[in-house]
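Data first, discussion second: the structure below is written as C-alpha cells.
Since every read-out is calculated from the coordinates, none of them should be taken as a lab result. Note that the structure is a prediction, hence the values are computed from the model and not measured. Note: ideal-geometry Cβ built from the backbone for every residue, glycine included; neighbour counts use all protein chains shown.
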Amino acid sequence: MAPKLIDGKAIARASLEETRLATDRLKARELTPGLAVVLVGDDPASRAYVRSKDRTCRELGFYSEKFELSADTPQGELLALVRSLNANPSIHGILVQSPPPAHIDEAAVIDAIDPRKDVDGFHALNVARLAMDDPRGFVPCTPLGCVRLLEASGIPTGGKNVVILGRSMIVGKPLALLLMRKGAGGDATVTVAHSRTRDLPEVTRRADILIAAIGRAEYVRAEHVREGAVVIDVGINRVGDPASEKGYRLVGDVAFGEVAPRCSAITPVPGGVGPMTIAMLMANTLKACRQLHNLPED
Ligand code: GUN
C-alpha cells in the first residue's frame, strides 16, 4: 500500500494562521510580537533559513529585525548585539543561527540571551524547564514541530517505540524529552541512537516511529525500517545536482525512494519538518511576547 505522505506545509500553514489571528488580537491592544534573527557568516543554507524566518514574520504582521554579520565578527561584538536585543522592548524573541563560525563560543552566546526571549529553547533555563515539564519554558522549534506533525496527522505516540537517530542539542535530546513527557504527544518509549550505536539497523527496526536527525544525506536505508513504521525525516541536506537550475537539490536523512514503500506514513523533504520549524518559531515568539507582558494565552 502507498504510504501516507505527511504534508508539513499544510500543517504549518494552519499553525501560522492561528498565530496570525492571535497576533491580530494582540495588535488590537497595541502590542506587536517582535523577533530578531542573527546570522554570523555567509553559509548559503543558513542565509536562506534566516531570510525565510524574516519573510514569515512579515507575513504574520510581526516586527522583525534581521542581522547578517560578517564571518569575522568578534565574539564581543556579537555579545554586545545580544545584550542590546535583550534590552530592546520591541524585541520578544532572539535567535542566533547555529552553527556560528568556529571562533565564536556558541555556549557563551546562548547563555547571554535573556531566557525569556530565548525562542529557540537553547538556554540552560529552558532546557531545564523542558526536562521538568514546566510550561513556561520554550521548547526548541524542530522537535516541537515533529511532535505537532505527528499529532496533526493522527499518529499516537503513547506506548509506541520511538527511535530517534541523532543526539544533538537542537533536535535529538530535546525531542527525547518531549516524547517521554506524560500526556498527549508524549508517553512514548524512547531510544536515542547515534553514529556510535552498535548494530544500528537492528535498533532502528524496533521503531514504530523512526525520527531521522543525523544530518547525513540519505543515511537511512530500507534495512533500517520495519514494514509499516512511521518515518519522520528532519534532515535538510544539499547535494550537488548539475541537472537542477541551482546546481543542487535538497534531500533528507532518509533515502526516500527505497524507504517510503515500507512505511505507513512518511514526511517528504522539502515540505515535511522544515516548514513546521518556522511555524513553531513564530508560535514561540508570540508566547514570549505574551509572557513578557503578563498576558494569559487566549
Ligand atoms: N540551525 C539549525 N536549526 C536551528 C534552529 O532551530 N535554531 C537555530 N538558532 N539555529 C539552527
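Quick notes
- Comparing Ala28, Ala124, Ala152 in a Gaussian network model of the chain (Cα springs below 10 Å), the most mobile by mean-square fluctuation is Ala28.
- Scattering curve values for the range 236-298, log₁₀ I(q)/I(0), Debye with Cα scatterers, q = 0.15 Å⁻¹: -0.66
- Sparse-neighbour loop sites [GluC sites (Glu not before Pro); the range 172-243; at most 13 other C-beta within 10 Å; DSSP]: Glu227
- Length released on extending from Arg51 to Arg226, taking residue separation times 0.36 nm less the Cα-Cα span: 59.2 nm
- The C-alpha atoms of the range 1-96 occupy a region whose extents along the principal axes are 54, 42, 15 Å, arranged from largest to smallest.
- Couplings for the range 132-144, taken from phi via the Karplus curve 6.51 cos²θ - 1.76 cosθ + 1.60 with θ = phi - 60°, read 9, 6, 8, x, 6, x, 9, 9, x, 5, 5, x, 4 Hz in order; Gly and Pro are left as x.
- Rounded to 10°, Cα long-axis angle of helix 44-60 versus longest principal axis of the chain: 60
- Of all DSSP beta bridges confined to the chain, the antiparallel ones make up roughly 10%.
- Per-residue ³J(HN,Hα) for the range 279-294, Karplus 6.51 cos²θ - 1.76 cosθ + 1.60, θ = phi - 60°, Hz, x for Gly and Pro: 4, 6, 4, 5, 5, 5, 5, 4, 4, 4, 4, 4, 5, 5, 9, 6
- Gain on full extension, evaluated as 0.36 nm per residue between Ala14 and Arg198 minus their Cα-Cα distance, stands at 62.2 nm.
- The range 83-158 - Rg and Dmax from Cα coordinates, angstrom: 14.5, 44
- In the range 94-157, trypsin sites (Lys or Arg not before Pro) in a DSSP loop with at most 13 other beta-carbon atoms within 10 Å: Arg136
- Label-to-label distance, nm, for residues given as Leu125 and Asp42 (7 Å Cα→Cβ offset): 3.7
- Using the Cβ-Cβ distance between Lys246 and Asp72 with R0 = 25 Å, the FRET efficiency computed as 1/(1 + (r/R0)^6) comes to roughly 0.40.
- Calculated from backbone phi, Karplus (6.51, -1.76, 1.60) coupling profile of the range 200-213 in Hz, x at Gly/Pro: 4, x, 5, 6, 6, 5, 7, 6, 6, 10, 10, 10, 9, 9
- For the chain, calculated [θ]222 nm from helices alone, where every DSSP H run of n ≥ 4 adds -39500 (n - 2.57): -11500 deg cm²/dmol
- A straight line joining the Cα centroids of the range 51-104 and the range 126-190 runs 26 Å.
- With 0.36 nm allotted per residue and the present C-alpha distance subtracted, the Glu59-Arg25 stretch has 10.7 nm of extension available.
- P(r) of the chain over all Cα-Cα pairs, binned every 5 Å from zero, in whole percent: 1, 5, 12, 16, 18, 17, 14, 10, 6, 2, 0, 0
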